[in-house]
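Q: Have a look at this one.
The values are calculated or read from the model by the stated rules, or taken from the named source; none is laboratory data. It should be emphasised that the depicted structure is a prediction, and the values quoted were computed from it without experimental measurement. Please note: Cβ atoms are built from the backbone with ideal geometry, for glycine as well, and neighbour counts cover all protein chains shown. Calculation scope for accessible area: heavy atoms of the full protein, side chains included, ligands and nucleic acids excluded. Shrake-Rupley method; radii C 1.70, N 1.55, O 1.52, S 1.80 Å.
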Amino acid sequence: MKNFTVVDHPLIQHKLTIIRDKDCSTNQFRQCVTEIARLMTYEATRDFPLEDVSVTTPMGTATEKKLGGKKPVVVPILRAGMGMLDGVLDMLPSARVGFIGMQRDEETLIPEEYYAKFPKKLGDRQVIIIDPMLATGGSAMMAVEALKKRGAKRIKFLSLVAAPEGVNKLMAAHPDIELYTAALDDHLNEIGYIVPGLGDAGDRLYGTVDVN
Ligand code: PRP
Ligand code: URA
(Lines give C-alpha, C1' and ligand atoms only; values in the text may rest on other atoms or scores of the structure.)
(Ligands and ions follow the chains in the order given, each with its own letter.)
Protein backbone atom coordinates (compact mmCIF):
# COMPACT_ATOMS: atom_id res chain seq x y z
CA MET A 1 0.00 0.00 0.00
CA LYS A 2 1.34 3.45 -0.95
CA ASN A 3 2.51 5.64 1.96
CA PHE A 4 2.27 2.75 4.43
CA THR A 5 5.42 1.38 6.09
CA VAL A 6 5.83 -1.38 8.67
CA VAL A 7 9.06 -0.51 10.46
CA ASP A 8 10.14 -4.04 11.32
CA HIS A 9 13.75 -3.48 12.39
CA PRO A 10 14.88 -6.36 14.67
CA LEU A 11 15.36 -4.02 17.64
CA ILE A 12 11.81 -2.76 17.24
CA GLN A 13 10.39 -6.28 16.96
CA HIS A 14 12.32 -7.32 20.08
CA LYS A 15 11.12 -4.37 22.17
CA LEU A 16 7.55 -4.75 20.93
CA THR A 17 7.51 -8.36 22.08
CA ILE A 18 8.59 -7.19 25.56
CA ILE A 19 5.67 -4.76 25.83
CA ARG A 20 3.12 -7.21 24.42
CA ASP A 21 3.77 -9.44 27.45
CA LYS A 22 0.92 -8.89 29.91
CA ASP A 23 3.42 -9.16 32.80
CA CYS A 24 5.69 -6.36 31.51
CA SER A 25 6.04 -3.77 34.30
CA THR A 26 4.80 -0.19 33.89
CA ASN A 27 8.38 0.99 34.10
CA GLN A 28 9.66 -1.34 31.37
CA PHE A 29 6.60 -0.68 29.21
CA ARG A 30 7.29 3.07 29.28
CA GLN A 31 10.98 2.59 28.64
CA CYS A 32 10.42 0.33 25.62
CA VAL A 33 7.75 2.63 24.13
CA THR A 34 10.25 5.49 24.35
CA GLU A 35 12.96 3.41 22.69
CA ILE A 36 10.67 2.19 19.89
CA ALA A 37 9.52 5.77 19.26
CA ARG A 38 13.18 6.82 18.92
CA LEU A 39 13.87 4.07 16.39
CA MET A 40 10.70 4.83 14.42
CA THR A 41 11.61 8.51 14.25
CA TYR A 42 14.94 7.55 12.68
CA GLU A 43 13.05 5.73 9.90
CA ALA A 44 10.26 8.30 9.47
CA THR A 45 12.68 11.22 9.03
CA ARG A 46 14.61 9.64 6.13
CA ASP A 47 13.17 12.14 3.64
CA PHE A 48 13.65 15.24 5.81
CA PRO A 49 15.19 18.10 3.81
CA LEU A 50 18.81 19.09 4.38
CA GLU A 51 20.61 22.34 3.70
CA ASP A 52 24.27 23.18 3.25
CA VAL A 53 26.17 24.80 6.09
CA SER A 54 29.77 25.76 6.49
CA VAL A 55 31.52 24.12 9.44
CA THR A 56 35.02 24.67 10.76
CA THR A 57 36.47 21.41 12.01
CA PRO A 58 39.82 21.18 13.83
CA MET A 59 41.26 20.39 10.36
CA GLY A 60 39.71 23.17 8.27
CA THR A 61 36.46 24.41 6.75
CA ALA A 62 33.93 22.22 4.96
CA THR A 63 30.44 22.51 3.53
CA GLU A 64 28.25 19.95 5.30
CA LYS A 65 24.54 19.29 5.92
CA LYS A 66 22.02 20.12 8.61
CA LEU A 67 18.25 19.77 8.78
CA GLY A 68 16.58 22.51 6.76
CA GLY A 69 13.16 24.12 6.59
CA LYS A 70 10.87 25.09 9.44
CA LYS A 71 10.98 23.03 12.60
CA PRO A 72 8.65 20.01 12.55
CA VAL A 73 5.73 19.71 14.92
CA VAL A 74 5.05 16.54 16.90
CA VAL A 75 1.44 15.96 17.97
CA PRO A 76 0.73 13.25 20.55
CA ILE A 77 -2.88 12.09 20.75
CA LEU A 78 -3.64 12.23 24.49
CA ARG A 79 -3.25 10.19 26.50
CA ALA A 80 -1.32 7.24 25.11
CA GLY A 81 0.52 9.30 22.47
CA MET A 82 2.38 11.04 25.32
CA GLY A 83 4.21 7.78 25.91
CA MET A 84 6.00 8.21 22.57
CA LEU A 85 6.77 11.92 22.87
CA ASP A 86 10.09 11.77 24.74
CA GLY A 87 11.48 9.23 22.27
CA VAL A 88 10.55 11.38 19.26
CA LEU A 89 11.94 14.53 20.91
CA ASP A 90 15.20 12.72 21.74
CA MET A 91 15.73 12.54 17.96
CA LEU A 92 14.15 15.90 17.05
CA PRO A 93 14.99 18.10 20.06
CA SER A 94 14.02 21.36 18.31
CA ALA A 95 10.58 20.17 17.23
CA ARG A 96 7.52 22.11 18.28
CA VAL A 97 4.79 20.17 20.10
CA GLY A 98 1.02 20.33 19.64
CA PHE A 99 -1.57 18.39 21.61
CA ILE A 100 -4.87 16.80 20.75
CA GLY A 101 -7.01 15.06 23.35
CA MET A 102 -9.17 12.23 22.10
CA GLN A 103 -11.24 9.69 24.02
CA ARG A 104 -13.01 6.69 22.47
CA ASP A 105 -16.49 5.96 23.75
CA GLU A 106 -16.15 2.38 24.99
CA GLU A 107 -19.58 1.36 23.65
CA THR A 108 -19.75 3.06 20.25
CA LEU A 109 -15.93 3.26 19.71
CA ILE A 110 -16.51 6.78 18.37
CA PRO A 111 -13.83 9.21 19.58
CA GLU A 112 -14.53 12.62 21.02
CA GLU A 113 -12.04 15.49 20.83
CA TYR A 114 -11.66 17.17 24.24
CA TYR A 115 -8.55 19.33 23.80
CA ALA A 116 -6.48 20.86 21.00
CA LYS A 117 -3.53 23.24 21.01
CA PHE A 118 -1.07 23.59 18.13
CA PRO A 119 1.88 25.77 17.15
CA LYS A 120 1.42 28.41 14.44
CA LYS A 121 2.23 27.96 10.73
CA LEU A 122 1.24 24.28 10.54
CA GLY A 123 1.15 24.56 6.74
CA ASP A 124 4.90 25.21 6.58
CA ARG A 125 5.88 22.38 8.90
CA GLN A 126 6.17 18.62 8.73
CA VAL A 127 3.57 17.34 11.20
CA ILE A 128 4.18 14.03 13.00
CA ILE A 129 1.14 12.65 14.84
CA ILE A 130 1.96 9.97 17.41
CA ASP A 131 -0.32 7.38 19.02
CA PRO A 132 0.73 3.83 19.88
CA MET A 133 -2.61 2.27 18.88
CA LEU A 134 -4.43 2.48 15.54
CA ALA A 135 -7.51 0.31 16.08
CA THR A 136 -10.70 1.30 14.22
CA GLY A 137 -8.81 4.34 12.92
CA GLY A 138 -11.46 6.72 14.26
CA SER A 139 -9.12 8.67 16.57
CA ALA A 140 -6.40 8.89 13.92
CA MET A 141 -8.86 10.18 11.32
CA MET A 142 -10.24 12.79 13.68
CA ALA A 143 -6.71 13.97 14.55
CA VAL A 144 -5.68 14.20 10.88
CA GLU A 145 -8.85 16.13 10.08
CA ALA A 146 -8.29 18.53 13.00
CA LEU A 147 -4.77 19.26 11.77
CA LYS A 148 -5.74 19.63 8.10
CA LYS A 149 -8.53 22.02 9.14
CA ARG A 150 -5.84 24.20 10.74
CA GLY A 151 -3.66 24.19 7.63
CA ALA A 152 -1.39 21.14 7.99
CA LYS A 153 -0.33 19.79 4.59
CA ARG A 154 2.48 17.32 5.26
CA ILE A 155 1.43 14.73 7.83
CA LYS A 156 3.14 11.57 9.05
CA PHE A 157 1.47 9.28 11.57
CA LEU A 158 3.53 6.98 13.81
CA SER A 159 1.84 4.08 15.58
CA LEU A 160 3.26 1.03 17.33
CA VAL A 161 0.50 -1.48 16.68
CA ALA A 162 -2.13 -1.15 13.94
CA ALA A 163 -5.15 -3.22 12.95
CA PRO A 164 -5.82 -3.79 9.22
CA GLU A 165 -9.29 -2.27 9.65
CA GLY A 166 -7.85 1.02 10.92
CA VAL A 167 -5.04 1.17 8.37
CA ASN A 168 -7.47 0.67 5.48
CA LYS A 169 -9.93 3.24 6.79
CA LEU A 170 -7.29 5.90 7.49
CA MET A 171 -5.43 5.47 4.21
CA ALA A 172 -8.65 5.42 2.15
CA ALA A 173 -9.77 8.70 3.70
CA HIS A 174 -6.31 10.36 3.71
CA PRO A 175 -4.09 8.78 1.03
CA ASP A 176 -1.75 11.80 1.16
CA ILE A 177 -0.51 11.11 4.71
CA GLU A 178 2.37 8.74 5.45
CA LEU A 179 1.59 6.02 7.98
CA TYR A 180 4.31 4.12 9.87
CA THR A 181 3.66 1.29 12.28
CA ALA A 182 5.95 -1.09 14.15
CA ALA A 183 3.48 -3.96 13.63
CA LEU A 184 0.42 -4.72 11.55
CA ASP A 185 -1.61 -7.04 13.77
CA ASP A 186 -4.28 -9.58 12.95
CA HIS A 187 -7.68 -8.07 13.68
CA LEU A 188 -9.93 -6.10 16.03
CA ASN A 189 -11.98 -8.04 18.56
CA GLU A 190 -15.68 -7.47 19.24
CA ILE A 191 -14.97 -4.63 21.68
CA GLY A 192 -12.56 -2.80 19.37
CA TYR A 193 -9.24 -3.98 20.83
CA ILE A 194 -6.34 -4.98 18.61
CA VAL A 195 -5.47 -8.71 18.63
CA PRO A 196 -2.86 -9.76 19.63
CA GLY A 197 -2.14 -6.08 20.38
CA LEU A 198 -0.92 -4.99 23.77
CA GLY A 199 -4.14 -4.16 25.58
CA ASP A 200 -5.07 -0.63 26.64
CA ALA A 201 -1.92 1.36 25.90
CA GLY A 202 -2.89 4.32 28.10
CA ASP A 203 -3.60 2.11 31.10
CA ARG A 204 -0.37 0.16 30.61
CA LEU A 205 1.71 3.34 30.27
CA TYR A 206 0.25 5.05 33.29
CA GLY A 207 -0.89 2.17 35.50
CA THR A 208 -4.51 3.32 35.56
CA VAL A 209 -7.74 1.38 35.75
CA ASP A 210 -11.20 2.54 34.70
CA VAL A 211 -13.14 3.73 37.79
CA ASN A 212 -16.35 4.79 35.99
C1 PRP B 1 -6.71 4.66 22.46
C2 PRP B 1 -5.47 4.85 21.63
C3 PRP B 1 -5.97 5.59 20.42
C4 PRP B 1 -7.35 5.00 20.23
C5 PRP B 1 -7.31 4.01 19.13
O6 PRP B 1 -7.03 5.82 23.15
O7 PRP B 1 -4.44 5.53 22.30
O8 PRP B 1 -6.04 6.99 20.59
O9 PRP B 1 -7.69 4.35 21.47
O10 PRP B 1 -8.57 3.53 18.86
P11 PRP B 1 -9.34 3.84 17.49
O12 PRP B 1 -8.36 3.64 16.37
O13 PRP B 1 -10.44 2.82 17.48
O14 PRP B 1 -9.86 5.23 17.53
P15 PRP B 1 -8.28 5.96 24.16
O16 PRP B 1 -9.46 6.56 23.45
O17 PRP B 1 -8.49 4.66 24.84
O18 PRP B 1 -7.78 7.07 25.15
P19 PRP B 1 -6.54 7.08 26.15
O20 PRP B 1 -5.28 7.19 25.32
O21 PRP B 1 -6.80 8.31 26.96
O22 PRP B 1 -6.56 5.83 26.98
N1 URA C 1 -6.83 1.39 22.25
C2 URA C 1 -5.92 0.68 22.96
O3 URA C 1 -5.28 1.23 23.88
N4 URA C 1 -5.74 -0.61 22.66
C5 URA C 1 -6.41 -1.23 21.67
O6 URA C 1 -6.17 -2.42 21.43
C7 URA C 1 -7.35 -0.48 20.94
C8 URA C 1 -7.54 0.83 21.24
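Q: Suppose only helical runs count, i.e. DSSP H with n ≥ 4. What mean residue ellipticity at 222 nm does that imply for the chain under -39500 (n - 2.57) per run, divided by all residues and rounded to the nearest 500 deg cm²/dmol?
A: -10000 deg cm²/dmol
Q: With +1 assigned to the C-beta of every Lys and Arg and -1 to the C-beta of every Asp and Glu, and no other charges, what is the dipole magnitude of the range 9-131 about the Cα centre in debye, to the nearest 20?
A: 400 debye
Q: Helix 164-173 against the longest principal axis of the chain: what's the angle in degrees, Cα atoms only, rounded to the nearest 10?
A: Approximately 60 degrees, to the nearest ten.
Q: Among all the lysines, which ones have a C-alpha under 21 Å from Lys153's C-alpha, if same-chain residues fewer than 8 places away are not counted?
A: Cα-Cα hits under 21 Å: Lys2, Lys70, Lys71, Lys117, Lys120, Lys121, Lys169.
Q: Only bridges whose two residues both fall in the chain count here: according to DSSP, what percent of them are antiparallel, nearest 5?
A: Antiparallel bridges: around 40 percent, rounded to the nearest 5.
Q: Measure out, as a whole number of angstrom, how far apart the alpha-carbon centroids of the range 194-210 and the range 102-139 sit.
A: So the separation of the two Cα centres works out to 17 Å.
Q: Heavy atoms only, probe 1.4 Å: what % of the accessible area of the chain goes to carbon and sulfur, would you let me know?
A: Its accessible area is 52 percent carbon and sulfur atoms.
Q: Which value results when the Cα radius of gyration for the chain is divided by 2.2 N^0.38 Å?
A: 1.05
Q: If you filter the range 54-145 for trypsin sites (Lys or Arg not before Pro), then keep DSSP loop positions with at most 15 other Cβ within 10 Å, what is left?
A: The qualifying sites are Lys70, Lys120, Lys121.
Q: On to the next question. At a threshold of 8 angstrom on Cα-Cα distance, excluding pairs fewer than six apart, so keeping six or more, what relative contact order does the chain reach in percent?
A: After rounding, I find 22 percent.
Q: State the answer as a single residue: which of Ile130, Ala152, Thr108 lies farthest towards the positive end of the charge dipole of the range 97-154, with beta carbon charges of +1 for Lys and Arg and -1 for Asp and Glu, about the Cα centre.
A: Ala152
Q: So how do 14-27, 165-178 stack up, highest first, on mean other-Cβ count within 10 Å?
A: 165-178, 14-27
Q: When the chain is treated as a GNM, springs tying every alpha-carbon pair under 10 Å, which of Glu43, Glu190, Glu35 comes out with the largest mean-square fluctuation?
A: Glu190
Q: So how tilted is helix 10-20 from the main axis of the chain? Cα-based, degrees 0 to 90, rounded to 10.
A: 30 degrees
Q: If you don't mind, another one. Could you give me the ³J(HN,Hα) list for the range 82-99, computed from phi with Karplus coefficients 6.51, -1.76, 1.60 and θ = phi - 60°, whole Hz, x at Gly and Pro?
A: 4, x, 9, 5, 4, x, 5, 6, 4, 8, 10, x, 8, 4, 7, 10, x, 9
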